[in-house]
1. Using a loss threshold of 30 Å², tell me which positions in the range B:55-96 are less accessible in the complex than in their chain alone. Probe radius 1.4 Å, ligands and nucleic acids ignored.
2. Give the long-range amide H neighbours of residue A:38: residues separated by 5 or more places, or on another chain, with amide H under 5 Å away, using H modelled in the peptide plane at 1.01 Å from N.
3. List the residues whose amide H sits under 5 Å from the amide H of residue B:60, counting only those 5 or more places along or on another chain, with H placed 1.01 Å from N in the peptide plane.
4. Calculate, for the protein assembly as shown, the solvent-accessible area per residue in square angstrom, rolling a 1.4 angstrom probe over the heavy atoms of the protein chains.
5. What is the distance in Å between the Cα centroid of the range B:85-136 and that of the range A:51-70?
6. Normalise the Debye intensity by I(0) for the protein assembly as shown, one equal point scatterer per Cα, no solvent, then take log10 at q = 0.08, 0.09, 0.15 Å⁻¹ and round to two decimals.
7. Can you give the helix-only mean residue ellipticity at 222 nm for the protein assembly as shown, where every DSSP H stretch with n ≥ 4 adds -39500 (n - 2.57) and the sum goes over all residues, rounded to the nearest 500 deg cm²/dmol?
8. Let me know the shape class of the range A:57-199, please: from the alpha-carbon gyration tensor, a ≥ b ≥ c as square roots of the eigenvalues, rounded when a/c is under 1.5, otherwise prolate if a/b is greater than b/c, or oblate.
Amino acid sequence: MIRRVAGYLWVMRIKQLLPVLMTLVLAACGEPMRGIEIRDAEVAAPFVFTAFDGTRVDIAAEQGKVVLVYFGYTHCPDVCPTTMGDWARARRALGDAAKDVRWIFVSMDPERDTPELALSYARQFDPSFLGVTGTTEEIEALKRAWGIAAYPEGDTRANDYTVAHPANTFVVDRDGKLRYLYEPGVSGEDLAKDLRKLL
Amino acid sequence: MLAACAAERETIPTPPAVPLSVHGAWARAADSGAMTAVYFTLANGGAAADTLMRVQSVDAAAAEMHVSTQHAGMMHMSPVTALPVPATDSVAFRPLGAHVMLTGVNRPLTEGDSVTATLTFVSGATLTVRAGVRKP
């Protein structure tokens, strides 16, 4: 009888301690990354552009920095500004650590977007953001190299067609490897937490 | 004659109270001539379903209902011609989902400014949305 009561008390104690133990285990493991990790990450494909202000960006030369790339277009009224707004919040949340992060918006709509427009679009979200685009041929080459798609939808003779484009933010780590994809809707604060782990 | 006119006016039925309402409307800042999106929650407190058929705005060259969708890693944006609003329910126009797209805004939209959009429903009801402009 005494043994049974002692066993019961032991089980009760474990149950009471369980939440504490779980918290300790989670704290030890750390919060999981919100991005989709690319297994066997490889060095990012070539990405070389010169922005309208003359800033040259070559991801291969950015090793030591974390690089975020978003493939969108400036006539995009919803997902692109939502993502850029989240980037801006992440940039602010990172504070000084953001000096080791590059934020690059690439317009996949070379028919309507100029390098000047791409840069001014990106900078309205944060002055440190870079916006680039290229000729149709350069954008096609970029799509092939990165294995991504982007194409107009609707009547391209009108000026108000939309462009289907990759949903995710592409994150290149400090070793120049394409490591994570972030779906739209990840908050700036969560993105900043993850970027800190990569810096 | 005047009395007859007055009597006629009195016979005109007053329109039923509109059960539709809009809450939390906002729009993104944009340069003049650019595009922006308007977001809000559209509530139908009435007992009958209705359908949003048309959006218009005096602040832009064109206004359309659009929805963003994600499929196989790609983002698409498609026009919507009719949006049902079920009875005693609400529909959210929010980032990464349904939104009113304004094309060619007729002035720079900066924080603190506002834009208006008029919503027209199958029932004949109309609603004017006044959306405060936020940073992009």
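1. Those residues are B:70, B:73, B:74, B:75, B:76, B:77, B:96.
2. Amide H neighbours of residue A:38: A:180, A:181.
3. B:106
4. Heavy-atom accessible area per residue stands at 53 Å².
5. Going from one Cα centre to the other spans 37 Å.
6. -0.50, -0.59, -1.22
7. -8000 deg cm²/dmol
8. Because a/c hits 1.5 or more and a/b exceeds b/c, the range A:57-199 counts as prolate.
The values are calculated or read from the model by the stated rules, or taken from the named source; none is laboratory data. Since this is a predicted model, take the numbers as computed values, not measurements. Only protein heavy atoms, including side chains, enter the accessible area calculation; ligands, DNA and RNA are left aside. Shrake-Rupley method; radii C 1.70, N 1.55, O 1.52, S 1.80 Å.
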